[in-house]
Amino acid sequence: MSSASPSLSRQDVAKVALLSRLALSERELDHLTGELSKIVGFVSQLADVDTSAVEPLAHPLDAQNVFRDDVVTPSLARESVLRSAPRHDGESFLVPAVLGETGAA
Amino acid sequence: MAAAPSPADVAAPGSFTTIIGLEVHVQLQTATKLFCGCPTTFGAPPNTQVCPTCLGLPGSLPVMNRHAFDLAVRAALALDCTIAPFTKWDRKNYFYPDLPKGYQISQFDLPFSSDGFLEVVDPKGAFSRRVGIIRVHLEEDAGKSMHDEAAGTADSRIDLNRAGTPLCEIVTQPDLRSPQEARAWLNELKLLLVYLGVSDCNMQEGSLRVDANVNLHIPRPDGSVAKTPIVEIKNMNSFRSVERALAYEAARQWEEWQATGRELGSAPKQTRGWDDPAGVTRGQRHKEESSDYRYFPEPDLVPVRVSADDLARARAAMGVPPAGLRRMLAERWGISAYDADVLVNQGRELVAYFEELAGLVGEGKVASNWMQQDVLRTLNERGGTIDAFPVRPAALADIIGRIAAGDFDTSRGREIFAEVLASGRTVADVVASLGIAAVDDDALDALCRELVAANPKIVADVQGGKEQAAAGLIGQAKKKNPNVNPGKVRAKCLEIIRGL
């Protein structure tokens, strides 16, 4: 996106809201479309800087290869794990029915 | 089924080529999770192996498990991948109840390895396929959600013990050309990863999970090729399921293409779930924009640089992979490629047993035959591991040696093997208790003289030049004394007849 024409459509904002699981009213959508467009505009100013000779930065800290050993440390007691959950059955967290597959994609 | 999938790269007119790529997740064999010290033990009571980090609680920070990274590098090296000198992690954002942070820590644009291959060769020569590996990356697993429909409750239960377990994701090129090849390749991959100690690859426990992408290339009369829309198949719980699901899906796409003529690009990629009991794939609800994961660099983890020294250490820890071991066994012991394949496919421990046995026996083929006909068969019947098998290589070599020395024949040897197996006694002990003490020379001499005297017809035949007639004497000798050695009886009888 060029800094010359930073723009975000209402549709873009509706999609981002869906992905963020935010239910926005029509008024909020209008309002946020304006606000987010401004933010995109601010950030887009960075595009004016010539970065062709700058190496991409993967992390702001100048640190690498931070590891820990594969050694077991104590887990939490289950009561304390579940205590703050809105709903649980003493063993598991309870959530509205999830159908379909589970596991990392 | 419509046409059978062609094993060839180019389909004949009126048929099609099945194009298959796989995406495999394997759980790494670590004691702890990828970013925290919680144990990864399978089967623990729900939510007993969790801490603030894998629960995604505010303020917790991930720290990379060195062993997980080393195992991932080992796997990638064994798959002939290029290891990136610089790698970083990214957040893959999506909402799901089993993903407490709201994102999975994965790798997006700078995976630690890419561009490898793994070849699968059918030992009977039906196919040989070199399958390209696009990338291997290291990421964390999600938790488990369980929905008990029988209980009739409206809730799902979430167990986060698995959340944060280290996974290697292995993505292949679409290089496989039949469901059979896909299954065979998965077997080879599993064998490799188990050999390397990277993963136990236990599908029942979810340590290995497979998704498959499949479509068809259909040659048209004008020489062009029609490509059907790519379908991703999920929910396959065994390699057999993978093979069945792919065969079903190929046939389904063939029929759909004949009915609709729909080609790749006319519809978004479809996801279908395999229903194993019904033996069909079913379309899954298309989640709108579900693929928009908004990856961005993980700020809580610093990048990793891999040095040449690191790679040298990883290579040293690899050991000989299965493909190399097959070649080595065939060369060192003079056994066939097929025999080497059977032995290697049973795992490193069985190969070690075989090599010890073959070394003691001094003959690979005989050792291999005993391994396949007796040890493996018995092991399959009994269950258990080769390391716990009661007949150790030294005892089996003792039996084989006594057969070679003429103490008794192979069938007697098998009886002794069975008895050693059942009783756990030594070979010498069993030989003595079964009365298989070698028949002494005087007794053998007396027995043979008796037989020669009682069988003038056979004697005449032998004297007439038909030495094979002596076989009749051996049969009678075994009836009178089961312990006699057939070879010795034959030699002794011929000696007596010649001296008449």
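Annotations
- Here the condition is being farther than 29 Å from B:K88 by Cα, part of a loop (DSSP other than H, G, I, E, B) and in contact with a helix residue (DSSP H, G or I) (Cβ under 8 Å, 6 or more places away or on another chain); of A:L24, A:L32, it holds for A:L24 alone.
- Of all residues in segment B:452-471, those that are among the charged types (D, E, K, R) have Cβ atoms under 6 Å from Cβ atoms of residues that are surrounded by 11 or more Cβ atoms within 10 Å (Cβ to Cβ) and assigned to a helix (DSSP H, G or I), 6 or more apart or on another chain, in B:D461/B:A469.
- When we screen B:A470, B:A443, B:A432, B:A477 for residues that are aliphatic (A, V, I, L, M) and loosely packed, with under 13 Cβ neighbours inside 10 Å, the only hit is B:A432.
- Residue in segment A:86-95 that is surrounded by 14 or more Cβ atoms within 10 Å (Cβ to Cβ), touching a His at 6+ places or on another chain (Cβ under 9 Å) and over 30 Å from B:P85 (Cα atoms) present: yes
- Filter result (of a type in the set (S, T, N, Q), more than 12 Å from chain A (Cβ to nearest Cβ) and either closer than 19 Å to B:E23 by Cβ or not in a strand (DSSP E or B) (or both)) within segment B:105-129: B:S113, B:S114
- Residue in segment B:239-251 that is part of a loop (DSSP other than H, G, I, E, B) and exposed (fewer than 14 other Cβ atoms within 10 Å of the Cβ) present: no
- Selected residue (only one of B:D461, B:D409, B:D387 is assigned by TED's automatic domain parsing to the domain that holds B:R348, of a type outside the set (F, W, Y) and farther than 30 Å from B:E349 by Cβ): B:D409
- Positions within segment B:367-415 being aliphatic (A, V, I, L, M) and closer than 24 Å to B:I474 by Cβ, in sequence order: B:I399, B:I400, B:I403, B:A404, B:A405
- Taken together, the criteria place A:V98 among residues that are more than 21 Å from the chain's Cα centre (by Cα), under 25 Å from B:P100 (Cα atoms) and outside any helix (DSSP H, G or I).
- Filter result (closer than 18 Å to B:G197 by Cβ, of a type outside the set (K, R) and not in a strand (DSSP E or B)) within segment B:26-70: B:L28, B:Q29, B:T30, B:A31, B:L34, B:T40, B:T41, B:F42, B:H67, B:A68, B:F69, B:D70
- Unmet requirement for B:A2, which otherwise passes all of (1) farther than 30 Å from B:F127 by Cβ; (2) modelled with pLDDT under 95; (3) small (G, A, S): (1)
The values are calculated or read from the model by the stated rules, or taken from the named source; none is laboratory data. Here the structure is a predicted model, which is why all the values come from computation and not from measurement. Neighbour counts are summed over all protein chains in view; Cβ atoms, including those assigned to glycine, are modelled from backbone coordinates with ideal geometry.
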